[in-house]
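Working notes, structure below.
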Amino acid sequence: MNSSRKQQGRQSAYRKRKPIIIITSSIIVFTIILSAFQSSKPMSDTTCILKNRNGFEVHILSTGATIQRVILPTATDVVLGFDSTLPYKDGTSPYMGAIVGRVANRIANATFTLNNQTYKLVANNGPNTLHGGTIGFDKKGWLFLDKQDTSCTLQYTSKDGEEGFPATVTVTATYTIDLEKCHLKLDIKGTVVEEQGKEGMFMKTPLSLAQHSYFNLAGHNSKESILDHLLTLPTASHYTPIDSTLIPTGDILPVDGTAFDFSTQHRIGDNIDNIPNVATTGGYDHNYVLHNLGPEAREKVLPTGMAFENTTKLAAVVVHPGSGTTMEVWTNAPGVQFYTGNFLDGTLTGKGGAVYTKHGGMCLETQGFPNAVNQDNFPNVVVGPGEEYYHIVEYKFN
């Protein structure tokens, strides 16, 4: 969501090893040791393809619990991404389609204090932590627990100390598509293992995940800018302004009369040049306060930080005027990060050889507020043993 999205490929920490063959008297066991960064093709154990009766199709990868493809009945694939699994693993992909965490978005100065203990995280975005650190949930191998024709469930366990975060967390993600309609639902649940910290108390942790797909309703390979898409954020009456490092200032301000006002439908590009510090952000890269929660968001949400428990409400409507394709985003999260692909620069070659240029895709990342763990007036993102993090987001096309 800033220049760090063009992450430089890291040298693998693992060396390629030859297969080890172990022979017993009755069984030949082949043990193949593969690096997490060696696989270059999706295989059956790392991919799940969801299909409904009317030609709606979604491909899910185990790496990052990533949405690789969303194919409409018109055969249009509306998410940016890669044919190979390698870019999702080695940092080439700017989080395309992945579930990001342990904490989505930014934590200021890669530091927070919890239960009188200060935690220093991995800084991977200037002085800040972005999307969980250098090797966040997006680059981890998730385990498929279940695969069905129209749903799949994945799980990942993040150990105490991973990227500097306290406590062990187990997260499950279930993707489900409707049998008839072009609807995709994601349920993310997270729990914290009972572990005692240094002061003898059970450890808590910030936990705030987001689905980071880049959408272009004209098609990922259309070469069309999303600036011509029409956007409505009908319940986003406020937003959280940011400083020069894209960290929220702590203010919650009204959008009325500003370039951030999408309370009624208009073209995304209409006011993009009027955004404060647009030379730094390159476009929209801001958190919107949803569901008319406004400045009292912290008091209005549930103790776990979600706006609603088991239901969703409309957060965004996107329309591609040329085709008439629409996408609605529904969620129970209190915020959404609207990002206009500002740092796509034509250096990424995606699916089928598509080249992704600036504003070639947009993200609507439903989330807890950025840097909420350091802002007392933002909705809570801290979860402890016995509490459940439950985040729902739905994408409804046409």
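Derivation of every value follows stated rules applied to the coordinates shown; laboratory data play no part. If you're wondering where the values come from, they're calculated on a predicted model, not measured in any experiment. Reconstructed Cβ throughout: ideal geometry from the backbone, glycine too, with neighbour counts over all protein chains shown.
Observations, loosely collected:
- The chain - Kirkwood radius from inverse mean 1/r over Cα pairs (Å): 21.4 Å
- DSSP-assigned coil residues among trypsin sites (Lys or Arg not before Pro) in the stretch 301-398, each with at most 13 further Cβ atoms within 10 Å: none
- Its Cα centre serving as origin, the chain has a Cβ charge dipole (Lys and Arg +1, Asp and Glu -1) of approximately 1460 debye.
- Members of Lys139/Lys358; Lys120/Lys300; Lys120/Lys358; Lys204/Lys396; Lys198/Lys300; Lys139/Lys204 lying beyond 28 Å, as alpha-carbon distances in this model show: Lys120/Lys300; Lys120/Lys358; Lys204/Lys396; Lys198/Lys300
- Computed FRET value (nearest 0.05) for Asp261 with Ser151, which takes r as the C-beta separation and R₀ as 35 Å: 0.40
- For the stretch 325-339, 3J(HN,Hα) per residue [Karplus equation, 6.51 cos²θ - 1.76 cosθ + 1.60, θ = phi - 60°, Hz, x = Gly/Pro]: 5, 10, 9, 9, 10, 10, 7, 9, 6, x, x, 9, 8, 9, 10
- Value of relative contact order over the chain, rounded to a whole percent, pairs C-alpha under 8 Å and six or more apart: 17 percent
- As a proxy for reagent exposure, His266, His291 were ordered by neighbouring Cβ count within 10 angstrom, fewest first; the result is His266, His291.
- Distance between the pseudo-spin-label points of Asp273 and Leu179 (7 Å out from Cα toward the beta carbon): 5.2 nm.
- Total formal charge among the other residues, if their Cβ is under 9 angstrom from that of Arg102, Lys/Arg +1 and Asp/Glu -1: -2
- Cys with no candidate disulfide partner in the chain (beta-carbon separation under 4.7 Å rule): Cys182, Cys363
- Neighbour-count order for Met362, Met201, fewest beta carbons within 10 angstrom listed first: Met201, Met362
- Across the cross-link table entries Lys140/Lys181; Lys159/Lys351; Lys189/Lys313; Lys185/Lys223, which are compared at the Cα atoms, the separations over 21 Å belong to Lys140/Lys181; Lys159/Lys351; Lys185/Lys223.
- Separation of alpha-carbon centers, the stretch 305-348 and the stretch 119-166, rounded to whole Å: 21 Å
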